[in-house]
Amino acid sequence: MKKTIKTYVEKLYPGVIYYDSHEYEVEERNPEKIKNNGNVQGFRFFDVEYVIDSNKKYKGEKVNYSNWYFYGSRLNINDLEFIFGDNTQVKKLIKFMKNNGYEYACYTQTGNFIPMEIEDITYEEYISGKKKVLKKDWHLFVWLLYLKCYNFKRYWSTIWKDIKRLKEVLLRNLEKKYGPDLLRLLKTIN
C-alpha cells in the first residue's frame, strides 16, 4: 500500500446563475504559475491524498485549502457605496456583505463582485508584495476607471464625473495610508 498526495488548483469562472468551478492538478502551490486567460475570477489550491493498493487507487477528501486569489480589485463597503451607489445589484451585494460580516468584495476582471473572506487576497496584492504599494494604488485607479468604462458603457460626458469620484476615493485611501506626506510621495511616481 502506497500513499501519495497531489496538489490541485480550483479556478472560478463566471456562470449563468452560480460560479463554474474547474479543478486541475498542479506541480506546486505557486500563484505565479497559474494561467489567467482573462475569464478566471479567482483560484485556490488544495491537496488530495491517494492510496494505491495493488491495482486499486482510492481518492481521499480535499484538504489543506489555501486562501482565494482573485483577479480584480479589493473594495470595501464604503468604496462600493461611493463608486457604484446607484446600482441596484451592488446595493443587494452591500446588504448581503453587511448581514454576513464581509468587509471587502473583489470586483473581478470579468466584471462580477465576490465577497472576500479575511484571508483572501487579490492577485495584485500578492504580486505587490514585491512592488511599491503606492504604485499599486495608481494602477488600481486606472484599472477601476477602465472597468467602469467597459462594463457600464457610459457616455463620455458622464465618465468625467466618474473620474472625479474615483480620484476622491483613491486620494482618501492614500491619505489614510501615507498621511501628510502624500504630495511628496505622489511626486515620486514615475
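Quick rundown of the values:
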item: Tally of residues being in the same structural domain as L12 (by TED's automatic domain parsing) and either out of contact with any strand residue (DSSP E or B) (no Cβ under 9 Å at 6 or more places or on another chain) or without any contact (Cβ under 8 Å) to a residue 12 or more places away in the chain (or both) across the stretch 59-105; result: 1
item: Residue list for the stretch 1-28, restricted to those being touching a residue at least 24 places away in the same chain (Cβ under 8 Å) and part of a strand (DSSP E or B); result: K2, K3, T4, I5, K6, T7, Y8, V9, E10, K11, L12, Y13
item: Residue identified as under 15 Å from G72 (Cα atoms), surrounded by 11 or more Cβ atoms within 10 Å (Cβ to Cβ) and of a type in the set (A, V, I, L, M) among V26, V48, V40; result: V40
item: Residue count for the stretch 46-104, restricted to those that are modelled with pLDDT of 90 or more, assigned to a loop (DSSP other than H, G, I, E, B) and over 30 Å from K2 (Cβ atoms); result: 6
item: Pairs with Cβ under 7 Å, 6+ apart, first in the stretch 42-58 and not assigned by TED's automatic domain parsing to the domain that holds A105, second in a strand (DSSP E or B) and acidic (D, E); result: F43/E10; R44/E10; F46/E10
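The values are calculated or read from the model by the stated rules, or taken from the named source; none is laboratory data. None of these values were measured; they are calculated from a predicted model. Counting neighbours? That spans all protein chains shown, and the Cβs are built from the backbone with ideal geometry, glycine included.
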